[in-house]
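Visitor: Right, I'll just put the structure down here and ask away after.
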Protein chains: 2
Amino acid sequence: MKTSDDLNKTLYKLKLTSKGQATRNRIVEAAADLMSERGIGRTSVEDVQRLAKVSASQLYHYFSDKKELVRAVIAHQTEAVLDAQQPYLSKLDSFEALQSWRDLIIEIQTQRQCKTGCPIGSLVGEISETEEEARSELVSCFAQWEAEISRGLHEMYNRGELRSESNPASLALALLTALQGGLLLSQVRREVAPLAAGLDAVLDHIRSFAT
Amino acid sequence: MKTSDDLNKTLYKLKLTSKGQATRNRIVEAAADLMSERGIGRTSVEDVQRLAKVSASQLYHYFSDKKELVRAVIAHQTEAVLDAQQPYLSKLDSFEALQSWRDLIIEIQTQRQCKTGCPIGSLVGEISETEEEARSELVSCFAQWEAEISRGLHEMYNRGELRSESNPASLALALLTALQGGLLLSQVRREVAPLAAGLDAVLDHIRSFAT
């Protein structure tokens, strides 16, 4: 449920001029880049100001503190991550679409030389035990991602393309899990092998339920 | 290859008195606890001193800087993580052993209410892009873990319990990937469902190669 605070923030955002919106975006993008590279703890508000080329008063005009900035970064990264997986992610309702989505993810990581990992997943370690609000936003982000995967698998199930003993919800969660673990291990190892091994094992498992 | 610097450090460590070793351990454990909870960036050397109840000069007697302390934390956490999975991890050479290992991991996370995630995996995001030496130590840690899983699967393969078209090395990597992704998603969601879904999907996939 939206609190009146949330509502006020939303109204405020709607009223931002396009110039104001551009400044806000520049701040969020700078914060996202820095946090993705070196973590939240080693990114100071001053670092963000410098990279975004804004003054302290400009930054604090949009964000009351670093925690609020972190939450904006989470929302921004979620949008970017889900967008990057289109058009496949929103229509993962065939074995071909699942394979194309897998290929796209591998291609993105290959191009990036596996650097920076998952922009959302890499925030989990620093946030989960210390920032309850940010943790619960991360939960929502992953839930959105999972729902996209799950919807396609449920459609396949409902069309009878997955056997009745399969559990589309659990398969979707397993796929997101393999993806997260794969991005993490590929980031640290700087090679796509873990990501490919994880996704391929779960995709093969899903294919084993084909009718 | 060991450098003479490494060798000197090893010799130095061997010469530590048991009291010195206890102090060093106390520092590493304190650092590990803090970094696991709030991340590396938000753990200062002063925080570690306070928790370990040592002076700055005591801490700097054992560790020349925070980076060296981080590397000691990685080694310490790796040992702890691998130890916690015994006796199963070192003998994952049957479907029963794989299942018992899976049950143990789920049990550990359930007891912990999924807090703190993987003590090694949760360091990946903060380290990979900024600390090359620590990143390469993390690679070694995961390689040790993967080797333990891989050895068991290779034994099953060599005894003809896994079909010849299976790839034990790739299955081992997929299992570690599901484990890492599962620990990450379970940490953020505070429930074991993602970990169970990921591990069970890959274990079912491995079972599909049973002869």
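The values are calculated or read from the model by the stated rules, or taken from the named source; none is laboratory data. Everything numeric in this text was worked out from a predicted model, so none of it was measured. Backbone-built Cβ (ideal geometry, glycine too); neighbour counts: all protein chains shown. We work out accessible area using only protein heavy atoms, side chains counted, and drop any ligands, DNA or RNA first. Shrake-Rupley method; radii C 1.70, N 1.55, O 1.52, S 1.80 Å.
Visitor: Any idea which residue in region A:177-199 is most open to solvent (accessible area, probe 1.4 Å), counting only those that are facing another protein chain (nearest Cβ under 7 Å) and more than 16 Å from the chain's Cα centre (by Cα)?
Guide: For region A:177-199, the residue satisfying everything is A:189.
Visitor: Would you pick out the residues in region B:103-114 that are under 23 Å from residue B:124 (Cβ atoms) and open to solvent by 50 Å² or more (accessible area, probe 1.4 Å)?
Guide: Result: B:112, B:113.
Visitor: Okay, moving on. Looking at region A:104-118, is at least one residue more than 12 Å from the chain's Cα centre (by Cα) and over 26 Å from residue B:131 (Cα atoms)?
Guide: Yes.
Visitor: Run down B:140, B:170, B:208 and say which single residue is facing chain A (nearest Cβ under 7 Å) and in contact with a Ser or Thr (Cβ under 9 Å, 6 or more places away or on another chain).
Guide: The conditions single out B:208.
Visitor: Right, next: So in region B:45-102, with the set limited to residues that are open to solvent by 20 Å² or more (accessible area, probe 1.4 Å), in a helix (DSSP H, G or I) and among the hydroxyl-bearing types (Ser, Thr, Tyr), which one is farthest from residue B:120 (Cα to Cα)?
Guide: So, considering only residues that are open to solvent by 20 Å² or more (accessible area, probe 1.4 Å), in a helix (DSSP H, G or I) and among the hydroxyl-bearing types (Ser, Thr, Tyr), the one farthest from residue B:120 (Cα to Cα) is B:57.
Visitor: Can I ask one more? Among the numbered criteria (1) at the interface with chain B (Cβ under 9 Å from one of its Cβ atoms); (2) under 19 Å from residue B:184 (Cβ atoms); (3) surrounded by fewer than 24 Cβ atoms within 10 Å (Cβ to Cβ), which single criterion is violated by residue A:121?
Guide: That leaves (3) as the condition not met.
Visitor: Another one. Pull up region B:26-44, narrow it to residues that are without any contact (Cβ under 8 Å) to a residue 40 or more places away in the chain and not acidic (Asp, Glu), then point me to the one that is most open to solvent (accessible area, probe 1.4 Å).
Guide: Ranking the candidates gives B:26 first.
Visitor: Out of B:49, B:86, B:77, I need the residue that is modelled with pLDDT of 95 or more and within 14 Å of the chain's Cα centre (by Cα). Which one?
Guide: B:77
Visitor: Go through the residues of region B:147-163 one by one and say whether even a single one is within 30 Å of residue A:126 (Cβ to Cβ), within 10 Å of chain A (Cβ to nearest Cβ) and free of Cβ contacts under 8 Å to residues at least 40 places away in the same chain.
Guide: no
Visitor: Do we have any residue at all in region A:183-192 that's farther than 23 Å from residue A:86 by Cβ and among the small types (Gly, Ala, Ser)?
Guide: No; the residues of region A:183-192 include none that is farther than 23 Å from residue A:86 by Cβ and among the small types (Gly, Ala, Ser).
Visitor: From the list B:210, B:172, pick out the single residue that is surrounded by fewer than 22 Cβ atoms within 10 Å (Cβ to Cβ) and of a type outside the set (Asp, Glu).
Guide: Answer to the selection: B:210.
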